[in-house]
Structures are given as C-alpha cells and as structure tokens.
Amino acid sequence: GPGGSRGGGTEPDAAWLAAGRQGPMRWSSAAEASAVNINEKVNREKILTLESMNPQVKAVEYAVRGPIVLKAGEIEKELRKGIKKPFTEVIKANIGDAHAMGQRPITFLRQVVALCTYPNLLDSPSFPEDAKKRARRILQGCGGNSLGSYSASQGINCIREDVASYIERRDGGVPADPDNIYLTTGASDGISTVLKILTSGGGKSRTGVMIPIPQYPLYSAAISELDAIQVNYYLDEENCWALDVNELRRSLNEAKAYCNPKVLCIINPGNPTGQVQNRKCIEDVIHFAWEEKLFLLADEVYQDNVYSEGCQFHSFKKILYEMGPEYYNNVELASFHSTSKGYMGECGYRGGYMEVINLHPEIKGQLVKLLSVRLCPPVSGQAAMDIVVNPPIPGEESYSQFIKEKESVLNNLAQKAKLTEDMFNKVPGMHCNPLQGAMYAFPRIFIPSKAIEEAKAHKMAPDMFYCMKLLEETGICVVPGSGFGQREGSYHFRMTILPPVEKLKILLEKVKDFHIKFLERYA
C-alpha cells in the first residue's frame, strides 16, 4: 500500500543517521586539510559575475543617480572627516527632490496621511474636520480599516473615483472612468509597466519606442532593461525645445528600417527641458499618432508646474477628446501623474496614477494581471495621491491655508525659474531657454576644444568632465547633458531650481564664476 514506500520503518533512518555522523567528520578532515594551505586561499568562481549577469540590466544607465552622484557622496564623507575643500557643503542639484532641498510639506496632505496611519488621532481636536472626513473615507476603502492591508491591484476604489473626478474637473468636463485609472508606485512604475506590456517581437519586428532627446533617463533605462529599441526624436533647442512633427516623421521613417516603432512617449511639461507644449503642437502629435498607429504615453507629472506668461498646461486626454470621436475612440493613450512633483514634492511616498484609454478589452485583463504580481502600490502613497486629487475646497476650514501653501510653493518656483534663466544667460559661453515649466534648467554650455581633448584622455564625455570639475571645485552636483541625450557636439547640464532662493542665488554665482574660470583655463 501507500505506506510501503517508506521501506518498512527503520532502515532508511539508520542509514541517514550514519551518514549524518560521517558528515561532520568528513567535513572536519577537509577543514584540517585546507588549514595546511590556508595562505593559498582560492575562492570558488562566483555564480553571478559581470559576464553571467542579465545583459539587459548591465546595459541600464540612470544618470540622475549615476557616477557624478557617487562622487558627491564620497566628497560628503571627506567633508565629514574634516578634509579641507574649497567649499563647506555639497549642494545636490541633481535630482527633483523638493523636500530634501528644504521645501515644506503641504500641511493638509500630511494631516490626512497621519490620520490614516494612526486612526486614534481621529479623536484629537488638533486635526481639522475636513482632513478627518477624507481620512475616514480612505480608511473605509481599506481592508480592516487599516492602511496596513493590501489594496486591490488597481488601487483603492474610492481613490480611483477621486482621481477620475479630478481629471474631469481639470479637463473641463471630459468624462473619466475610474475603471481606466490604475494607482501606481510613483509615475515611474506605471511607465515601465506599460512599456513592458507593449514590448514584443524579434529582429526587425522588435518594438521601437520613440522618446524625446533630451529625455528623462527612466525611459532609456526601461527600454534597455526590456531589450526594446530606443528611437530618438530631437526637440528643437533653437525654438525653445519645441516638438516638431516633421522631426517625429523623420525619426519614425528611419526607425522602420530596423524595428517596429509602435510607442510614442511625450514629456509635457518637459524634463529636463522645461518646455510647455501648446494646443496646436499636441493636436499635431495626436494626429501623427493616429495616422501612424502609435500608442501614446503622456508623462504629465509636472502638470502643476507651469510658470511662463502665456503658457498653459493642456492634457493630451482633453485635446484628444476635443479633436472628435474619430480620434477620441481610437487613439490608445496612457497618461501619468504623481505625488512627487507639482507643489507637493512628496517623492518618498511613491504615489502615482495612470489613466489608460482605448485599451483592447482583453489587454485590460492582461494589464491587471501584470500589476497583480506586484500585489499593490504602497497604500500610504495611494492616500497621498488622494489628497492631491481631492484637496480642500472653498468653504472647508483647511482651504485658505492649503491655497496659501500651494501658491507660495508655485510662485516661489516661478520666481526661481526666471532668476535661473536670466542668470545663466548673462554668463559668456552659456545659453538657457526659458524655463516655462517643470523644475529644471538645462543650459547649453560651450566647452573649449582643449577641455574636450582632456575629457577624452580621461575617457569621459566632455560635459561629464565639466560637471566633475564643477563638483570638485564648488561642491555643486548637477547632471551632465549626456545622461539625457543631446545633439552631437552640443553640451548641457541639468540643474534643479529647488534650493531656497538665497541659496540658489549663491549657487548660480558659483556656477558663473566656475564657468568663466573653466573657459579661461582651457582657452
């Protein structure tokens, strides 16, 4: 019977015990043998080496946390040890991390997340009623009324409803369906998920993904990791980094020779370039995507960050709707937003959402399946996202403080955008387009041929060489343009405009002095 396979009882156990007794003895004699030649220690070959690792991961580069930032970290350690430098602190202007640069959190957002995290506070008189109302609603959407439970893979239902209402308000009544909303771990997670589900084919039919150059390096990194094909289209620096459909067409037609371009990524407002697209430009892009059968990705995480007079944020979704049913019922579009930028700057919560429209019904199930493998986005991040899309409204007690804080952050950024542009344009050998939006300057810098030769001798891109020198001599950490992509023979760096105004002025002065010295040194 089934018991028979146990071999009738004791024999296997006895044999196993004996083997066990022998085991340690065998090992200890091996240890004695090895003690003899302990000095000739030969390590076994590692299983995971640069040769055996996943080649797609090896190919990934992410400049905003790349070699320059590692170097900045080393310099910070040296400063802490008391090693003298020509500066007292490292200023990290490399990453759009608002709170790290001294921006204050929005009170109302933190109150609601605090209440959700520690519901006992709901009884406390020191929290306003409108914050408690939102916290209760979010907690009712959580399993066991706790932020500590998993949510549905697509995100908490009531938060997705709030996102849909927000989109309808933002777009002047264009309908939004909560079922097309997916809460994500920051916008980055949504973008890589959509790219993953779009990537297929081999050889010349491998998926091509069109991305703007300069681009935010998440795109090139995700494309490398998925082994998709990166297809560059260039923004027009002479024309305030505008996107030109003729350039899209050139890029697409060239790419068709070696891949199957089926995805078009747009970053609006631009990162690192800060341009805000006008309505006509967006219409042209949508028409192009419709005509060429391209899946559109609209990265709109800087939608609240628009500073220039005469510039206005238009969502792709809204313009698509206004172009009529032929477009609105056919163009496949994924749009992304996040808690990390805007006036909130809540990067650490990893909150975000995407709205995906005109998906094939069967793909909807595939997308939910792919998301469900990760279980769900952090629920505290979902709560933070809810406050971004469901802020205090006129008549609620927190409204006036909320508006004051929000406008203070945005007016401050607008002031710094102008200050930075004006300052850079006063420096010989530097040119900076208007920072219409987002939170970065991306000035073009002239690098003398002598410096280019020295950079080549160090096996460095010329602008990487420039940024390393800037870091070593001033303590200012910025990201070289080569990390974002740029036209052959042009050089840039990306710098955030997040430091407080007084610190930013000092920083800009230091960059100016450095640049002038650099030009003299390599003239």
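Just a few scattered comments:
- Take the Kirkwood radius over Cα pairs of region 149-307, plug it into Stokes-Einstein at 25 °C and 0.890 mPa s, and you get 145 µm²/s for translational diffusion.
- Residues GLU168, GLU421, sorted by accessible area with the largest first, give GLU168, GLU421 [1.4 Å probe; ligands and nucleic acids excluded].
- Links that overshoot a 28 Å alpha carbon limit, given the list LYS204/LYS293; LYS204/LYS341; LYS280/LYS503; LYS318/LYS426; LYS262/LYS456; LYS196/LYS256: LYS204/LYS341; LYS280/LYS503; LYS318/LYS426; LYS262/LYS456
- Rg to Rh, two decimals, where region 216-352 supplies the alpha carbon set and Rh follows Kirkwood: 0.95
- Surface calculation, 1.4 Å probe, protein heavy atoms: SER308 sits at approximately 30 Å² accessible.
- Entry comment: accessible area of the chain is 48 Å² per residue, from protein heavy atoms only and a probe of 1.4 Å.
- Accessible surface of region 107-389 [probe 1.4 Å, protein heavy atoms]: carbon and sulfur percent: 49 percent
- Of LYS58/LYS92; LYS92/LYS418; LYS85/LYS505, those spanning more than 24 Å from alpha-carbon to alpha-carbon: LYS58/LYS92
- The per residue volume of the convex hull around the alpha-carbon atoms of the chain is 259 Å³.
- Exposure ranking of LYS364, LYS46 by accessible area [1.4 Å probe, largest first]: LYS46, LYS364
- Principal axis extents of the Cα atoms in region 107-389, from largest to smallest and rounded to whole angstrom, are 64, 44, 34.
- Area of THR117 that stays accessible when all protein chains are in place (1.4 Å probe, Å², to 10): 90 Å²
- Each residue was assigned an accessible area with a 1.4 Å probe, and for TYR321 the value is about 90 Å².
- The apolar share of the surface of region 434-523, taken as the fraction of accessible area on carbon and sulfur atoms (1.4 Å probe, ligands and nucleic acids excluded), comes to 55 percent.
- Amide hydrogen neighbours beyond the local backbone of ARG494, cut-off 5 Å, H modeled: VAL479, GLY481
- For LYS512, a cut-off of 19 angstrom between C-alpha atoms picks up these aspartates and glutamates, skipping any fewer than 8 places away in its own chain: GLU89, GLU421, ASP422, ASP463, GLU472, GLU473, GLU502, GLU520.
- Descending by average beta-carbon neighbour count within 10 Å, the peptides 294-300, 198-204 line up as 294-300, 198-204, the highest first.
- Volume per residue of the convex hull around the Cα atoms, evaluated for region 168-237, comes out as 146 Å³.
The values are calculated or read from the model by the stated rules, or taken from the named source; none is laboratory data. Note that the coordinates shown come from a computational prediction; the quantities given were computed from them, not determined experimentally. In this analysis, Cβ positions are derived from the backbone assuming ideal geometry, glycine residues included, and neighbour counts consider all displayed protein chains. Note: areas computed on protein heavy atoms with side chains; ligands, DNA, RNA excluded. Shrake-Rupley method; radii C 1.70, N 1.55, O 1.52, S 1.80 Å.
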